[in-house]
Amino acid sequence: MGSITVVFILLTTLVTAFISGIFGMAGGLILMAVLAALVSVAMAMVIHGTLQMVANGYRAFLLRDAMVWPVVRAYLVGAALGILGLSLVRWVPDRQVVYALLGLTGLLVWIPRHLLDLDIQKPGQAMLAGGLVQGLNTLAGVAGPLLDLFFVQTDMTRQQIVATKALTQTVSHMIKVGFWGLPLIQLAGWAAVPPVWLFALAIPLSLSGTWLGGQVLDRLSDHSFRRWMKGLITLISLVLLLRAAGAF
């Protein structure tokens, strides 16, 4: 990994954390897309998963008193079944497939909420969410828009939603890191995984970008927030789908 690549990764980490700090999503999509273009898919998954795991874990810790544990437990059962299914299939997507999955995931924001009868507080649906989100997160690197669909119609408080989502995503990214990282280590040893110093530099940038984005969020109206969020994610998704199709 050359010095220019490292600098680009660190700058992207800061910028995408800033975007996620404003919109709560989109930054992860961009970061995953950039990483997939700079390094191997496996290394991109490990870097992205580690950064997201730390950020979500810290958020879950801060809001631990608001955690909805029945939802977490049911979700984890579904996630375990999802990762078991992926292990049995043994399918590893290439870079173009990752771009396609990322693009399609982002377009989920356009599904009309009234057409869905999803509620993650129902144990069966929490397990379904765990299996689907874990599978997509492991293969594409990002599954936030899909997970959001299961929280839209709940009667949970804002703090409960943020805390519960953060913990489920901490676990999802942890599993993703293991799913992609362990084969790397087995094939080429520890030299094949990203160096510790890269995370030591990237994690503070991620936390700083998140804080800066939060300052901008406080100045946006609800209307502006929704308009910019959907527009940004749609643009990113279309670019990713064009990249998957080989347009550039």
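The values are calculated or read from the model by the stated rules, or taken from the named source; none is laboratory data. None of the values given here were measured: they were computed from a predicted structure. Virtual Cβ from ideal backbone geometry, glycine too; neighbours counted across all protein chains shown.
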task: Pick out the one residue from Leu102, Leu107, Leu198, Leu184 that is surrounded by 23 or more Cβ atoms within 10 Å (Cβ to Cβ) and in contact (Cβ under 8 Å) with a residue 60 or more places away in the chain.
output: Leu102
statement: Expected single match for touching a Pro at 6+ places or on another chain (Cβ under 6 Å) and modelled with pLDDT of 85 or more among Ala74, Ala42 is Ala74
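Hey, can you tell me all the residues within region 204-240 that are of a type in the set (Gly, Ala, Ser) and exposed (fewer than 15 other Cβ atoms within 10 Å of the Cβ)? Quick ask: steps written out before the conclusion?
Filtering region 204-240 down to residues of a type in the set (Gly, Ala, Ser) leaves 206, 208-209, 213-214, 221, 224, 231, 237.
Passing the criteria: Gly214, Ser221, Ser224, Gly231.
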- prompt: Is it the case that region 166-173 has a residue that's of a type in the set (A, V, I, L, M), modelled with pLDDT of 85 or more and within 28 Å of Leu88 (Cβ to Cβ)?
  reply: yes
task: Would you point out which residue out of Leu187, Leu198, Leu207, Leu240 is under 19 Å from Ser40 (Cα atoms), outside any loop (DSSP other than H, G, I, E, B) and under 16 Å from the mean Cα position of the chain (by Cα)?
output: Leu240
message: Being at pLDDT 85 or above, within 15 Å of Leu104 (Cα to Cα) and within 19 Å of the chain's Cα centre (by Cα): is that true of Leu232 here?
response: no
message: So, Ala60, is that one within 19 Å of Gly106 (Cβ to Cβ) and either part of a helix (DSSP H, G or I) or under 12 Å from the mean Cα position of the chain (by Cα) (or both) or not?
response: no
